[in-house]
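Below: one structure, written as structure tokens.
Derivation of every value follows stated rules applied to the coordinates shown; laboratory data play no part. Since we're looking at a predicted model, the values are computed, not measured. Note that each Cβ is placed from the backbone with ideal geometry, even for glycine, and that neighbours are counted across all protein chains shown.
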Amino acid sequence: MNDYTVVLIAVLAIWVGIFAYIMMLDRKVSRLEKELKR
Amino acid sequence: MKLSWLDTTLAVLVKDLRTEARARSAVGSVLLFSVVTLTAVSYSLGGFAIDADIQASMLWIVLLFAALAGLSRGFVSETESGTVLALRLAAPPTSVYLGKFLFNLFLLGVLDLILIPLFQILLPVASANWGLLMIGLVLGSIGLAASTTLIAAIVAQAGVKGTLFTVLAFPVLVPVLVAGIGATRKAFASEPVAAAMPEIQLLVSYAGVMLAASLLLFDHVWKD
Amino acid sequence: MRSALKWLLGVATAAFIVAAFTWAPEMYRPNFATGGSDPWPTFRIVFFHVPAAWLCVIAFLVSMIWSIKVLRGYAPEKDDKAMASAQLGQVFAILALISGMLWAWRDWGALWNWDPRQSSVLILTLIYAGYFTLRSSIDDPEKRARLAGVYSILAFITVPFLIFVVPRVMHTLHPSPVIPDAQEKGSMNTDMRVVLYSGVFCYLGLFAWVMSIRTRIEAVRRRLSTR
């Protein structure tokens with residue numbers, strides 16, 4: 001488990017976090033839009 | 001009587017010059033600011049011998065800050081004295097911009113004329129290519145005046161006091177700063193004009209682009 | 001954007017990250033002591049650094065385009081897009097700066113070495129910080145769109161000067177160790193280019209996605225305030 005594997009895993013973890021956050025925002029906005037359509 | 005745009009431009013310029021001659025506020029504050037800044041700079045440098053690079057940088061820093069201090073109020077005076085509407089009716093936007101631009105250029109010219117001799121006294125250069133120095137200053141001043149006139153109009157329309165003008169203007173003027181310092185540095189090193197071609201090209205293209213863009217965009221800032 | 005596309009983007013980006021670290025071939029740099037060349041692992045930062053810089057410029061260009069459109073005829077959606085793309089431009093600029101600083105720190109021990117390109121990106125962030133300051137000081141939406149739009153156009157006009165012309169001029173001032181510049185695309189082989197361009201693609205996808213979310217949020221906000 002050398003240095004570069006650690007960095008790779010760290011960057012991947014950060015990306016997963018970012019992706020999850022953006023996805024959550026996307027879902028929230030979609031929900032709000034549906035609400036307003038009613 | 002139909003006035004040509006040249007007439008209206010000159011009218012705007014003359015109006016500002018006359019107001020200036022009466023109160024001398026813009027010229028006064030620009031000169032005072034530059035003298036104070038220059039004194040502070042040379043004082044803090046003590047008696048240390050500084051090389052041409054640093055001298056060139058100092059010159060332009062003082063020039064830039066004096067310009068920012070002096071040119072920020074170009075349109076504010078109109079809003080303060082309530083003459084905006086009259087100006088809108090009397091002259092087409094292009095004339096208003098050009099008139100203000102020329103006035104700012106005049107202010108910068110005065111600034112340059114005072115600053116260079118003062119600089120020579122406080123932080124003298126042994127020898128220099130004065131022609132190149134003049135070219136750098138003139139071209140730089142045109143670019144400076146072009147950008148700052150537009151930004152001053154934006155700030156005045158936004159109705160904001162304070163440092164917004166400096167915040168908006170300084171980064172936009174960085175290319176002028178870099179090229180101006182480059183050309184001045186070469187002038188202080190007594191290099192020929194040809195050696196400063198990249199800087200001169202940058203200054204010319206910046207001035208041209210900014211002037212053209214400002215003329216196109218000013219309508220949108222000026223209309224209400 | 002379809003939900004599937006978004007998941008595809010997520011997976012593709014993850015794949016790109018892995019490829020940048022593993023599949024992309026090793027870059028070498030000359031070792032002046034031994035006369036041979038050494039592996040240069042930190043070069044891999046380029047795959048994250050360069051696409052960020054590209055997207056920064058693209059985002060600011062998009063902002064200028066929407067600013068021109070809003071000046072032609074006001075519509076709140078156009079202004080939203082101008083603002084959102086400027087925000088993303090800032091984000092990518094900061095990403096570019098951070099990755100650049102990281103690279104400089106690992107390779108040269110200094111976070112900042114006045115590389116002309118780096119300095120230019122910093123100036124860009126200052127320009128657009130001014131854009132947001134201007135926006136926040138105007139209340140009337142139409143006025144805000146108009147004045148900020150003009151400044152956004154002015155701001156982007158300086159970009160070619162800052163990114164292309166200034167570095168050339170500054171080279172006669174400070175011949176600095178421009179490592180990222182020298183190695184950028186000139187000496188990259190095709191496999192590396194593949195990773196680089198896929199990085200650009202992924203960033204582009206992210207840009208489009210976040211832009212759409214941002215503008216949808218603004219639209220919702222407006223609908224709520226007029227209820």
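Worth a mention:
- Whole-Hz Karplus values for the range C:7-21 come out as 5, 4, 4, x, 5, 4, 5, 4, 4, 4, 4, 4, 4, 4, 8 Hz, taken residue by residue from phi with 6.51 cos²θ - 1.76 cosθ + 1.60 and θ = phi - 60°; glycine and proline positions read x.
- Rg of the Cα atoms in chain C, relative to 2.2 N^0.38 Å, amounts to 1.15.
- On the beta carbon distance between B:A212 and B:A11, with R0 = 22 Å, the FRET formula returns roughly 0.45.
- log10 of Debye I(q)/I(0), alpha-carbon scatterers only, for the protein assembly as shown at 0.06, 0.11, 0.13 Å⁻¹: -0.34, -1.02, -1.25
- Helical contribution to [θ] at 222 nm, DSSP H n ≥ 4, -39,500 (n - 2.57), averaged over chain C, rounded to 500: -25500 deg cm²/dmol
- Length gained on full extension, B:L32 to B:F65: 10.7 nm, using 0.36 nm per residue less the C-alpha separation.
- In degrees, nearest ten, helix C:76-108 long axis to first principal axis of chain C (Cα): 20
- Cβ-Cβ FRET estimate between C:S212 and C:D38, R0 fixed at 60 Å, reported to 0.05: 0.85
- From least to most packed, judged by other beta carbons within 10 angstrom and beginning with the fewest, C:R221, C:R216 follow the order C:R221, C:R216.
- Here C:T133, C:T22, B:T184 are placed in order of increasing Cβ neighbour count within 10 Å, fewest first, which gives C:T22, C:T133, B:T184.
- Ranked B:D219, C:D139, C:D80, criterion: other C-beta atoms within 10 Å, fewest first: C:D139, B:D219, C:D80
- For chain B, the longest piece that avoids every one of the trypsin sites (Lys or Arg not before Pro) found in DSSP loops with at most 13 other C-beta atoms within 10 Å covers B:25-160.
- Size descriptors for chain B (Cα atoms only): Rg and Dmax, in that order, 18.0, 63 Å.
- Mean ellipticity per residue at 222 nm, deg cm²/dmol - from DSSP H runs of n ≥ 4 across chain B, formula -39500 (n - 2.57): -27500 deg cm²/dmol
- Entries of A:K28/C:K81; A:K34/C:K78; B:K161/B:K186; B:K161/B:K223; B:K15/B:K223; C:K6/C:K143 with Cα pairs more than 28 Å apart: B:K161/B:K186; C:K6/C:K143
- If R0 is 56 Å, the Cβ-Cβ spacing of A:T5 and C:T133 corresponds to a FRET efficiency of close to 0.85.
- Less than 5 angstrom separates the built amide H of C:R29 from those of C:D38, C:W40, all sequence-distant by 5 or more or on a different chain.
- Hull shadow area, averaged, the range B:112-162 [alpha-carbon convex hull, nm²]: 4.9
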